[in-house]
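The structure under discussion appears below in the form of structure tokens.
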Amino acid sequence: MTKATNVHPTDDATRQKARSGDSAELARRFSSSWKLKLLASGSLTAAACLMATNPAFAQTIAPRNTPNQAFQATDNFVLGTGNVSISSDVDTVTINAAQTVINWTTLDTADINATQDLINLLPQGTSLVFQGPVNGYTVLNRILPTDNGSGQFRAVAMNGNVQSQLGVNGPIGGEVWFYSPGGILVGSDATFDVGSLILTTNDIDTTGGLFGSNGEIRFRGAADSLSAVTIQENADIIADNDGSYVALVAPRVTQGGEVRVNGSAAYVAAEQADLTINNGLFDISITLGTADSVGVERVGWFLRRTNHTMRHTERR
């Protein structure tokens, strides 16, 4: 199967022309490393990406599993230490280390053979709050639905609020990453207010820590995966801190919400890639593209840079 490499940067400093022509060229597989640098300022542009208009994730969302906690999963800290305080409306995750990995097992344990409804991970009206060291932290949340025995998983839906704080009730900060192999839907009622954010369906290599020897984030997705990260219209993603970033990385990325970032944003359709953030720049090295026929999809999305007075909107 041939695979396309689809990247949607949000800057025009190093424009790559969107490929046009026949589908064979669009589906050309990039077997060697391909790099794209993105400046943290500038206007919005489409680059090396494939556009479509069909909405993703038309499935229904399953009922909330329990009213006793907001985030519908149980935690296991596998790197770093911390604890989780639960309530019906707000769950608080306390982070004690600069780098933390939490494996979350969903309370909804039905596999994709039993139902294709999305797992109701963070229901509407609930909140998940991270509180960590005041000098900064990075937390990888590995959301692990039940495997059907063939390496297939249900997607998860987040319709509540996610916030990350420096200290207890301190300013917004920290880098929050979410991974789930079957897909991630950020619903129209969701709000993310964080220092920086990654949403991905590609597992992240944590050998030696969250970052590689050169500071890279190592996305290592399953071969021929068609899982998607989808941001629905009216969803809000806010990363207002200076030098912040937002990255959506999956074989398919659909962006229909509002993203506000005071730094860099990138939408990357690939199964495997390395992403490095250097002084406000994204270095993206894609080693395996996507088998998905869409790649990056824009559905009436809006991006605002808070370090510019200019707004750039684009609707399709």
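Within the range 198-229, count every residue that is in a strand (DSSP E or B), under 26 Å from Thr81 (Cβ atoms) and touching a Lys or Arg at 6+ places or on another chain (Cβ under 8 Å). Quick ask: steps written out before the conclusion?
Keep residues of the range 198-229 that are in a strand (DSSP E or B), which gives 198-200, 203-204, 217-220, 228-229.
Next cut, under 26 Å from Thr81 (Cβ atoms) only: 198-200, 203-204, 217-220.
In the following step, the residues that additionally are touching a Lys or Arg at 6+ places or on another chain (Cβ under 8 Å) were identified as 203-204.
Matching residues across the range 198-229 total 2.
Just the residues that are assigned to a strand (DSSP E or B) and either of a type in the set (Ser, Thr, Tyr) or surrounded by fewer than 23 Cβ atoms within 10 Å (Cβ to Cβ) (or both), please, taken from the range 239-260. It would help to see each step written out before you state the result.
So in the range 239-260, the residues assigned to a strand (DSSP E or B) come out as 239-250, 252-255, 258-260.
Scanning the range 239-260 gives Asp240, Asn241, Asp242, Gly243, Ser244, Tyr245, Thr254, Glu258, Arg260.
From the set of residues in the range 147-179 that are of a type in the set (S, T, N, Q) and more than 20 Å from the chain's Cα centre (by Cα), which is nearest to Ala110 (Cα to Cα)?
Initial filter on the range 147-179 (of a type in the set (S, T, N, Q)): 148, 150, 152, 159, 161, 163-165, 169.
Keeping just the survivors that are more than 20 Å from the chain's Cα centre (by Cα) gives 148, 150, 169.
Numbers: Asn148: 9, Ser150: 14, Asn169: 36 Å.
The selected residue is Asn148.
Looking for whichever is in a loop (DSSP other than H, G, I, E, B) and under 24 Å from Asp205 (Cα atoms) here; the options are Gln116, Gln152, Gln124. Which one fits? Talk me through it step by step, then tell me what you get.
Values: Gln116 fails: under 24 Å from Asp205 (Cα atoms); Gln124 fails: under 24 Å from Asp205 (Cα atoms).
Answer to the selection: Gln152.
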Can you pull out every residue in the range 185-197 that is buried (at least 23 other Cβ atoms within 10 Å of the Cβ), without any contact (Cβ under 8 Å) to a residue 60 or more places away in the chain and in a strand (DSSP E or B)? Phe192, Leu197
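Please state which one of Pro123, Pro133 is touching a strand residue (DSSP E or B) at 6+ places or on another chain (Cβ under 8 Å), modelled with pLDDT of 95 or more and either crowded, with 23+ Cβ neighbours inside 10 Å or not basic (Lys, Arg) (or both). Walk me through how you get there before you give the answer.
Values: Pro123 fails: touching a strand residue (DSSP E or B) at 6+ places or on another chain (Cβ under 8 Å).
Exactly one residue qualifies, and that residue is Pro133.
The values are calculated or read from the model by the stated rules, or taken from the named source; none is laboratory data. Computed from a predicted model, the values in this text were never measured in an experiment. So basically every Cβ, Gly included, is an ideal-geometry build from the backbone, and we count neighbours across all protein chains shown.
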